[in-house]
1. Just to be sure I understand the filter: pairs with C-beta atoms under 8 Å, separated by 6 or more residues or on different chains, first member in region 1-12 and under 10 Å from Asp38 (Cα atoms), second member assigned to a loop (DSSP other than H, G, I, E, B) and modelled with pLDDT under 75. Which pairs pass?
2. Just name the residue that is nearest to Arg26 (Cα to Cα) out of those in region 111-134 that are out of contact with any helix residue (DSSP H, G or I) (no Cβ under 8 Å at 6 or more places or on another chain) and not in a helix (DSSP H, G or I).
3. Which of the residues that make up region 152-177 are within 22 Å of Pro108 (Cα to Cα) and modelled with pLDDT under 90?
4. Among the listed residues Glu68, Glu61, identify the single one that is acidic (Asp, Glu), touching a strand residue (DSSP E or B) at 6+ places or on another chain (Cβ under 8 Å) and surrounded by fewer than 17 Cβ atoms within 10 Å (Cβ to Cβ).
5. Between Ile96, Ile107, which is hydrophobic (A, V, I, L, M, F, W, C), touching a Lys or Arg at 6+ places or on another chain (Cβ under 6 Å) and not in a loop (DSSP other than H, G, I, E, B)?
6. For region 62-69, indicate whether the set of residues that are more than 28 Å from Ile131 (Cα to Cα), in contact with a helix residue (DSSP H, G or I) (Cβ under 9 Å, 6 or more places away or on another chain), among the hydroxyl-bearing types (Ser, Thr, Tyr) and at pLDDT 95 or above is non-empty.
7. For region 45-58: of the residues being part of a loop (DSSP other than H, G, I, E, B) and either crowded, with 18+ Cβ neighbours inside 10 Å or within 16 Å of the chain's Cα centre (by Cα) (or both), which is modelled with the highest pLDDT?
8. If you check Val140 against the conditions, is it part of a loop (DSSP other than H, G, I, E, B), crowded, with 18+ Cβ neighbours inside 10 Å, of a type outside the set (Phe, Trp, Tyr) and without any contact (Cβ under 8 Å) to a residue 40 or more places away in the chain?
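The values are calculated or read from the model by the stated rules, or taken from the named source; none is laboratory data. Bear in mind that the values here come from a model prediction, so they are computed numbers and not experimental data. Every residue, glycine among them, receives a Cβ derived from its backbone with ideal geometry; neighbour counts consider all protein chains shown.
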Amino acid sequence: MTDSTQSMRVLMLHPHDVRYYPWTVRIVKLAEELAKRDHEVKVAYIEHKRAEEPDFPPLREIPEGTVEYVGLRSRDKQTHKNIRSVVDLARDVDIIHFQKCFASAFIPALWASWVHKKPLHYDWDDNETLILREILGLPVGFASQARFFEKRVPDYVDTISVASDGLWEECVRLGFP
């Protein structure tokens, strides 16, 4: 690290288990790259609800190295407990980063940001509303909840990174920045 940069303490949240879901590679790689640049990084993720007896094999083990990984309770009726855990994890960080607009990541991140007066960063990687329209068998209300949050998250965050020009255009359309 050069003298012109400062090390940050970053808490990253993802609503899916980094061991089981391929789309978590984005947060894993981003965390690794930040750690390579001497930032202190913790990744908190929601554990697969059947992690003890999964219905499919893990894609990866928790990567060993300079990034700390913290499993949070599976999302079913546990968001309130995860809020407390995330608030505790965020106590000494400089910024809170979350990926995906799902309540299981957004709500704990928002609470932690508010309690500790820390900046909140949203990594908008997919148009969740469009993706969820194509998935059959989702719990009642899940897609509408995601659609609601996807449109409103920009109102509550300090910064946003996007994975595509289309998402950038949506940010601008929603009034961010």
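1. These pairs meet every condition: Ser7/Met1.
2. Going residue by residue through region 111-134, those that are out of contact with any helix residue (DSSP H, G or I) (no Cβ under 8 Å at 6 or more places or on another chain) are 113-114, 117, 121, 130-131, 134.
Going one step further and asking which of them are not in a helix (DSSP H, G or I), we end up with 117, 121, 134.
Working: Lys117: 26, His121: 15, Glu134: 22 Å.
Ranking the candidates gives His121 first.
3. Phe176
4. Working: Glu61 fails: touching a strand residue (DSSP E or B) at 6+ places or on another chain (Cβ under 8 Å).
Of Glu68, Glu61, the one residue that is acidic (Asp, Glu), touching a strand residue (DSSP E or B) at 6+ places or on another chain (Cβ under 8 Å) and surrounded by fewer than 17 Cβ atoms within 10 Å (Cβ to Cβ) is Glu68.
5. Going through Ile96, Ile107 in turn, the sole match is Ile96.
6. No: region 62-69 contains no residue that is more than 28 Å from Ile131 (Cα to Cα), in contact with a helix residue (DSSP H, G or I) (Cβ under 9 Å, 6 or more places away or on another chain), among the hydroxyl-bearing types (Ser, Thr, Tyr) and at pLDDT 95 or above.
7. In this case the residue turns out to be Glu47.
8. Answer is no for this residue.
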